[in-house]
Amino acid sequence: MSGGTPVAGGYMRQRHSQGYASSNEDLEDDACSRLQSLSTATLRTRTWTEILETVFWVASALFIIYFGDGHSNLIYLLWHDERIRRMPLYLGLIGIGLNVALFFCTSMLSWSVRRLDEKWELLSIIAFPFLTLIGLVSFCLLCFALWPIWGSLTLPLLFTLFMAGLVLYPHIMIETLRPQNDSFLI
């Protein structure tokens, strides 16, 4: 840097480009310190196919929940049907609950402390294999528990319920977790 430039009886530090060929290249230094606002042009809009896919998954899941096994709905089946193996069902539901809780925690932490501490970014990356493992074990347990009701249809029915939850997750995000303007960060 420079020692300063004399201005009105005192010295004022100036920033000088070191080694840049043109005057436009020093803008790269300020790229991280400039204010980046989220405009409507930068937000990605959904296409019609994405909207139709989301509606399809949610409608399929509602159909499965409402009609259940044809005699009663899925909620009633889970509470009262004797054909269900209870211990794998409970362990699978606990696994799904743990998976959802970890998913919410990692997404909340990544929204709330981003750019403040890079350890959280590393922790959220470390959580992905655990989320995957818990999800697969829970899926297998639920398949084993619900196989006496639907037989081989258990696999696509549970996959449909999983996909409906996956496409609905971004819409249930809490409003305070949306990207905020970083005007006070220097």
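Annotations
- FRET efficiency, A101 to F63 (Cβ-Cβ, R0 35 Å, nearest 0.05): 0.80
- Rounded to the nearest 10 square angstrom, V100 shows an accessible area of 70 square angstrom against a 1.4 Å probe.
- Accessible surface, 1.4 Å probe, highest first, among residues T132, T154: T132, T154
- Net length gained if the chain between I75 and A127 were fully extended (0.36 nm per residue, minus Cα distance): 15.7 nm
- Residue order for R83, R46 - accessible surface, 1.4 angstrom probe, largest first: R46, R83
The values are calculated or read from the model by the stated rules, or taken from the named source; none is laboratory data. From a predicted model like this one, the values you see are computed outputs, not experimental measurements. Ideal geometry is used to build each Cβ from the backbone, glycine not excepted, and the neighbour counts take in all protein chains shown. Note: accessible area is taken over every heavy atom of the protein model, side chains too, but ligands, DNA and RNA are not part of it. Shrake-Rupley method; radii C 1.70, N 1.55, O 1.52, S 1.80 Å.
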